[in-house]
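The values are calculated or read from the model by the stated rules, or taken from the named source; none is laboratory data. Keep in mind that what you see is a predicted model, and the values were worked out from it rather than measured. No Cβ is skipped: glycine too gets one built from the backbone with ideal geometry, and neighbour counts run over all protein chains shown.
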Amino acid sequence: MIRTSACLFVLACAGSAMGQSVIYSNIPAVLAGNYPSQPFQAQQTFEFGDRVNFGGSDRQLQSATVTMSSWARSEDYGNATSFTHPLTLNIYAAGSGGSPGALLGSVTQVQTILFRPTVWNNPDTGNPYGGIACNVTFDLSGLNLTAPNSIVWGIEYNTQTYGDNPMGSSGPWNSLNVALNTAAGGGITAGSNDNLDDVMWNTVTAGWYADGGAGGVGTFRQDTGWTGYTPMIEFSAVPTPAAGALLGLGGLTALRRRRR
């Protein structure tokens with residue numbers, strides 16, 4: 001009995017050490033200089049995100065990377081290359097009608113965000129970019145979250161006058177946006193998205209919603225009319241512990257069969 005338990009433990013650990021797999025992504029391997037983006041301060045935003053479907057079978061979430069668009073200029077902040085700001089990533093169940101369901105997990109982590117360089121031009125046109133695209137990565141391993149096949153995600157952070165705890169002053173956070181992929185099919189290379197015309201948005205201004213605020217304001221909900229603009233995120237996961245244990249058991253059974 002002791003030997004069997006030891007073998008199961010080793011095999012399960014070996015399975016979890018195989019590395020993470022990408023279960024959803026629409027972030028290119030090499031970022032462009034910048035992308036269209038959703039502003040927070042300028043459009044009174046508290047939270048912004050999307051509903052996605054995961055591919056593959058791994059569901060123990062490990063990390064999530066979000067592409068941001070930073071419009072804060074380096075020359076306005078002592079020629080610094082970056083700043084830090086706490087960002088929150090929320091993971092919700094997928095509710096009925098495309099709406100967010102119950103909150104499954106949430107992390108707030110200080111992220112490093114680039115300033116737009118003094119000279120930052122599109123090499124194809126020679127025109128200056130308005131902002132600079134950069135990725136921020138959230139460590140989700142501490143959530144110990146086994147995700148369902150479909151989730152709603154949302155990112156939130158404080159700006160001068162918006163967010164759960166507004167900063168109360170101007171700063172580079174006022175020029176921080178969430179990048180949007182404009183490639184065909186949302187640029188999705190792993191997983192899927194059932195509705196590329198919608199996003200999830202919490203703004204307090206009724207006029208920003210496609211329905212003029214009829215579905216409510218100041219609440220994280222579905223908004224339509226976003227065809228051609230998909231929030232950029234990548235999720236990575238490992239097999240669930242139960243799956244790893246079953247894999248180990250299967251391997252042990254196979255060993256026993258070969259010995260007979």
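Quick notes on this one:
- Any hit, region 132-146, residues being buried (at least 21 other Cβ atoms within 10 Å of the Cβ) and polar (S, T, N, Q): no
- Taking region 227-246 as the range and being over 17 Å from the mean Cα position of the chain (by Cα) and within 21 Å of residue 179 (Cβ to Cβ) as the test, the residues that pass are 227, 228.
- Selection within region 201-219 - part of a helix (DSSP H, G or I) and surrounded by 13 or more Cβ atoms within 10 Å (Cβ to Cβ): 206, 208
- Which numbered condition residue 57 misses (of (1) out of contact with any strand residue (DSSP E or B) (no Cβ under 6 Å at 6 or more places or on another chain); (2) surrounded by 15 or more Cβ atoms within 10 Å (Cβ to Cβ); (3) within 22 Å of residue 193 (Cβ to Cβ)): (2)
- Residue identified as among the polar types (S, T, N, Q), more than 14 Å from residue 173 (Cβ to Cβ) and modelled with pLDDT under 95 among 96, 57, 63, 106: 96
- Test: residue in region 77-84 that is modelled with pLDDT of 95 or more and at positive phi: yes
- Within region 191-245, the set of residues being closer than 14 Å to residue 45 by Cβ and either of a type in the set (Val, Ile, Thr) or touching a His at 6+ places or on another chain (Cβ under 6 Å) (or both) comprises 199, 203, 204, 205, 217, 219.
Every residue, every condition in (1) touching a residue at least 12 places away in the same chain (Cβ under 8 Å); (2) within 15 Å of the chain's Cα centre (by Cα), yes or no:
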{"residue": "141", "(1), (2)": "yes, yes"}
{"residue": "148", "(1), (2)": "yes, no"}
{"residue": "161", "(1), (2)": "yes, no"}
{"residue": "185", "(1), (2)": "no, no"}
{"residue": "197", "(1), (2)": "yes, no"}
{"residue": "200", "(1), (2)": "yes, yes"}
{"residue": "206", "(1), (2)": "no, no"}
{"residue": "219", "(1), (2)": "yes, no"}
{"residue": "225", "(1), (2)": "yes, no"}
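- In region 24-105, counting only strands (runs of 3 or more DSSP E) that sit wholly within it, the ones holding 2 or more residues that are more than 30 Å from residue 213 (Cα to Cα) span 60-70, 82-94.
- For region 147-190, residues that are assigned to a loop (DSSP other than H, G, I, E, B), at positive phi and buried (at least 20 other Cβ atoms within 10 Å of the Cβ) total 0.
- Any pair with Cβ under 7 angstrom, 6 or more apart, that starts in region 33-50 at a residue that is farther than 14 Å from residue 66 by Cα and touching a residue at least 24 places away in the same chain (Cβ under 8 Å) and ends at one that is part of a strand (DSSP E or B) and acidic (Asp, Glu): 46/156
- Any hit, region 118-138, residues being in a loop (DSSP other than H, G, I, E, B) and touching a helix residue (DSSP H, G or I) at 6+ places or on another chain (Cβ under 7 Å): yes
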